[in-house]
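The values are calculated or read from the model by the stated rules, or taken from the named source; none is laboratory data. Note that the structure is predicted; figures quoted are calculated from it, not measured. Please note: Cβ atoms are built from the backbone with ideal geometry, for glycine as well, and neighbour counts cover all protein chains shown. Surface areas here come from the heavy atoms of the whole protein model, side chains and all, with no ligands, DNA or RNA. Shrake-Rupley method; radii C 1.70, N 1.55, O 1.52, S 1.80 Å.
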Amino acid sequence: EIIVSDDGSIDNTKHVVKNLFTANKDIKAKFLENKHKGPGFARNQAILNSSGAWIAFLDSDDLWYKDKLLRVVEHIRKNPEIDLWCHSELVKTKNSQIVFEHYRRFNLKIDPFLSMYRDNSLSTSAVTVKREALFRAGLFDEGLPNSQDYDLWIRLANTAKIGFIKDILGVYVVRNNSITSYNKRRLRCLMKIADKYHGV
């Protein structure tokens, strides 16, 4: 099942997606045309319209390796107790690329909630999570224009069992005009999140 949740794009996204879906009618697919309300709203709409037991996110500027889903499913089948999986990523900027090994940032010696609060060890396009775990945690906070994924990961760390795949299965692309690049807005959101969970 493929769900494309559009955040009020003003380019030719909808036409490209609809043409792809028309050319591949054997794939169960949905295109959601949303007004621009931010990534939290767009992702929540996709979750609400999904029917699968597991959800894998792919932001518009990121990439998956061809065998990503197959590799993740292999881990799911071997480890039924895990609610959320996150793999390593190649992070590409205009002038460089580095490897993010997310598992190295997750501290197994302390409480998962505290580890996630201190250091975000997940990445949206690298996460595959049980649908029921998302509802249990409360979905994305649509009031946060930035870092709403980190906010959800903190809540999930409190209610879901997290597993990591060491292999690189995707590419996180950093562009100058991406949401993450708006540093002042990101900092305000991170301060709001820090205040929200401080002392919990």
14 Å beta-carbon shell around Glu74, net charge (K/R +1, D/E -1): +3
Using C-alpha positions alone, give me the convex hull volume of region 1-61 per residue in cubic angstrom. 85
With only Lys, Arg, Asp and Glu charged, each at its Cβ (+1 for the first two, -1 for the last two), find how big the charge dipole of region 1-132 is about the Cα centre; round to the nearest 20 debye. 100
Considering the options Asn19, Ala46, Ala157, tell which one lies farthest towards the positive end of the dipole of the chain, charges being +1 on Lys and Arg and -1 on Asp and Glu at the Cβ, about the Cα centre. Ala157
Would you check the accessible area of Val91, probe 1.4 Å, heavy atoms only, in square angstrom rounded to 10? 10
Only helical DSSP H runs with n ≥ 4 go in: add -39500 (n - 2.57) per run for the chain, normalise by residue count and round the 222 nm mean residue ellipticity to 500 deg cm²/dmol. -11000 deg cm²/dmol
Along each of the three principal axes of the Cα atoms of the chain, give the extent in whole Å, ordering the values from largest to smallest. 49, 42, 37
Only Lys, Arg (+1) and Asp, Glu (-1) charged, at Cβ; region 115-180 dipole about Cα centre in debye: 220
Which of rounded, prolate or oblate describes region 63-125 when judged by the alpha-carbon gyration tensor and an a/c cut-off of 1.5? oblate
Using the Cβ atoms and a cut-off under 13 Å, what net charge is assigned to the surroundings of Ser5, where Lys and Arg are +1 and Asp and Glu are -1? -1
Rg ratio (alpha-carbon, reference 2.2 N^0.38 Å) - region 1-105: 1.23
Lys, Arg +1 and Asp, Glu -1 on Cβ, resulting dipole of region 48-97 about Cα centre, debye, nearest 20: 200
Taking H as built 1.01 Å from N, whose amide H comes closer than 5 Å to the amide H of Trp64, not counting residues under 5 places away? Val171
Of the listed peptides 188-198, 41-51, what is their order by residue-averaged count of other C-beta atoms within 10 Å, with the highest listed first? 41-51, 188-198
Long-range alpha-carbon pairs in region 86-200, meaning those over 17 Å apart, account in percent for 58
